[in-house]
Structures are given as structure tokens and as C-alpha cells.
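The values are calculated or read from the model by the stated rules, or taken from the named source; none is laboratory data. As the structure is a computational prediction, the values presented were derived from the model and not from experiment. In this analysis, Cβ positions are derived from the backbone assuming ideal geometry, glycine residues included, and neighbour counts consider all displayed protein chains.
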Amino acid sequence: MTFPFKIPQLGEGLVGARVVTLWKRTGEFVERDEPLLEIETDKAIMSLESPVAGEIEEWLVQVEDDAEIGAVVCRIRTEHAQKTAAHSPEAPEAAPEQETQPQAVAALPTHAIRNGMVSPRGRSLARDEGVSAEELELLSRENGRVALDDFQAHLRKNTEQVAPGEPFTERSLSPRQARLATHLERAWREVVPAILEIEVSWDGIEQEVKSRRAAHSTDEKPLKVTPLHVVAWAVSNSMREHPRFCSTWKSGGILREWRHVNIGFAVALEADELGVAVVSRTETLNFEQFSQATRREVASIRAGEKSHGEAQFLISDLSKAGIISAVPLVVPPATAILFIGTPYDAPVRTADDGLRWEKRARMVLTCDHRLVNGAGAASFLRTFQRLLPTISAE
């Protein structure tokens, strides 16, 4: 059976929303209560969860599309769809759109509003930024359907010029950076951080990289392994031994424990922007598959694609940036984030009480203290260190 997933009623007066992220691809499996997509309304950015478990049969929207309340955005193939649909209340009909229009766009021609020429987010932005009806009408004539990017380009055009007598310019953030800023503000307000730091053998990690390359490469198909893959693989296996790190916080003090391990990688983009590449269900992969999946997902984010999936654990790799130590910020819904610092030479005591030089690196773990206490975080790091390769004392 197929379950039609609809945009639910999200609040009084809301008639639609913009699709920000699709967490699942067509053909992927979604668990019941697992985040399915992220949307943006005039009031907030929020994740919508699937009420059923099943396979994504078809997406009827794409990222940046506008969807009306009650519209079907995807179909989920599940044997229980008919039963679930019978008990799921239908989304109420949207209120007539003209009743919810901001005053700034009230004078727009009927076709520009009723034919969807102005998105819900666009109407809100027009109201907040004081964009006149005449300006919106001009944008509609120039671009057809007026999307959020059109508004932002219009605002940048009007604000990037230096005001007479003022030593500054103003411009809007890009949509990606604006979404990140929203999530960071939420993290700062909600998360209570617990921070622990350890030092590991970077020589041991590099030795493992060489060993993995030799074991999994062929002349025709060399395996491209990096220290990040080795560290992330140890994180994945540690999470399996510490299920609290596979959990996420829900409002009302609810702990949601996931059956799968999803790891997100912070990806630096042009113009100092940041993306997150998510490798899902890592517990089902071997090291070679995990390494390939990580490279593939990172490349897709750098190519401008949207992230698919939601990570419980994030990794920020600055091992090549010259930064030895830093405190990373946990961004919900993730429960923890690991910072990988730049390696440095340090003296290490040998078995005969002598000293030798070894490359070491600091790794800093920040956890959401609402879910993970100090003892639990320390236990996770002990497991992580045990699974990381080391150089034996000589």
C-alpha cells in the first residue's frame, strides 16, 4: 500500500511552506517518527516526521519548492499505509489566501497571489523588509513566479550600495548560510554542552591509512582512504557500543533512540559557507563501503546538492587547517560533535623509560548534556581510543 504524506496544518493563518531539505532519497527506507523533510514557514524552520515506516516511492516536490497546507509531497510504500491513513486526520482546508496576505502585498494583481506568483516566505519577507506592492509586481513581471532567492537578490541589489556618509554596506545572507544561522541560534539557546578533550596518536592513524589502502586497493581501483575515514570509522563503531550517542532529544524530555548510526561531516564551501554530508546506516557498511560513501556524500555537498538524512553525530575535521584545539558546537538534532585538530610533534615515553617523538593530535568531544553526562562521554572516548590504531611503545 502507498501512504500519501501531506503537509499538515502548521498554525493559524499559514497557507503554505517552502521545502528546505529532503532527508531521504527515492527508494530509501524511512522509519516511523524519523525526520522526512525540513520546511520553512513564515514563522520558523521545522522538521516533519513520517507517521509510517516504509520505502520512499516518490517525491512530488523538490528543494526550494513551495507547498500548500494539505498538499501531498511524497508517497511512502508500506503495508500499513492504509491502516495508518485511516486513523490520520486529514489536514484542514487552507484558509482563503487573501485573508492571510501581508498588507504590503494587498494591492498585487489577483493573478500574482492566487496563481502562486509570490511564495508564503516571500510574502513574509516583503512585509518584514517593507518591500512595496509595486516592487513585487515588478519582480513578478521580470521573473514570473517570485521565489525567495528573487527577493534576496532584490534586497541585496538595494542594500549592497554604500549609503552616503556611511562606512559600511548591508546585504542578505545566502539561503544556506541563513538556515545554518537559524540552527546555530537554536543550538546556543537549547543545548547544554559537555566538553572533553583527548590526545591520540596521529602516526598510528596514518599507519592505518596505509594498511587499509594496501588491503583494499587494486591496480585498477585504488581505495582512497584518509585519516578522516579512519577516525570516523572508529566513531561509528563506538556509537554501536554506546547507543545513547545514537539518540536525539525531543521536546518534553523525550529521548528518541535510533536503530541506525548516521554520521554527519562538516564540509567547508566557497565564501566561508558550511554544509553537512550525512552517511546513513553506517552499521550496515564495511570499511571500504564506508570510505566510498563518505567521499561520495562530501563530493555531492561540494557540488551544491542538499544533504540527505539526519545525523546523530557530527565530525569537524580541521586537521589540515593549522588549528590544534577548538571547542565545536553541537547543532540539534545531533547529540555530539567531534573536532579533529591539526597533528603536532610531541615527546612520548617508551617502554624503557626513554623518549621518542611522535605525531599526536587533539580531539575534542562536545555532547548535549541533556542526553549524555560526563561519565557517559568519558566511557565513549575510552572506547573510541581503544578502536583507534596506535603506535606501540618501543
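Taking the stretch 337-373 as the region of interest, how many residues are buried (at least 19 other Cβ atoms within 10 Å of the Cβ) and either under 20 Å from the mean Cα position of the chain (by Cα) or on the phi > 0 side of the Ramachandran plot (or both)?
9
Residues of the stretch 261-295 being at pLDDT below 90, within 17 Å of the chain's Cα centre (by Cα) and not in a strand (DSSP E or B), which ones?
272
Answer yes if at least one residue in the stretch 319-333 is charged (D, E, K, R) and either assigned by TED's automatic domain parsing to the domain that holds residue 23 or not in a loop (DSSP other than H, G, I, E, B) (or both), and no otherwise.
No, the stretch 319-333 contains no residue that is charged (D, E, K, R) and either assigned by TED's automatic domain parsing to the domain that holds residue 23 or not in a loop (DSSP other than H, G, I, E, B) (or both).
Applying the selection to the stretch 214-228, what residues are touching a residue at least 12 places away in the same chain (Cβ under 8 Å) and either among the hydroxyl-bearing types (Ser, Thr, Tyr) or surrounded by fewer than 15 Cβ atoms within 10 Å (Cβ to Cβ) (or both)?
224, 226
Scanning for something modelled with pLDDT under 85 and surrounded by fewer than 18 Cβ atoms within 10 Å (Cβ to Cβ), does the stretch 4-11 turn up at least one residue?
For the stretch 4-11, residues modelled with pLDDT under 85 and surrounded by fewer than 18 Cβ atoms within 10 Å (Cβ to Cβ): present.
For the stretch 169-193, how many residues meet the condition of being more than 16 Å from residue 274 (Cβ to Cβ), touching a residue at least 60 places away in the same chain (Cβ under 8 Å) and either in contact with a Ser or Thr (Cβ under 7 Å, 6 or more places away or on another chain) or basic (Lys, Arg) (or both)?
Looking only at that region, the number is 1.
Quick check on the stretch 323-338. Is at least one of its residues farther than 26 Å from residue 242 by Cβ and touching a residue at least 12 places away in the same chain (Cβ under 8 Å)?
Checked the stretch 323-338: at least one residue is farther than 26 Å from residue 242 by Cβ and touching a residue at least 12 places away in the same chain (Cβ under 8 Å).
When the stretch 23-47 is examined, which residues are found to be over 20 Å from residue 259 (Cβ atoms) and either surrounded by fewer than 18 Cβ atoms within 10 Å (Cβ to Cβ) or aliphatic (A, V, I, L, M) (or both)?
The answer is 26, 37, 39, 43, 44, 45, 46.
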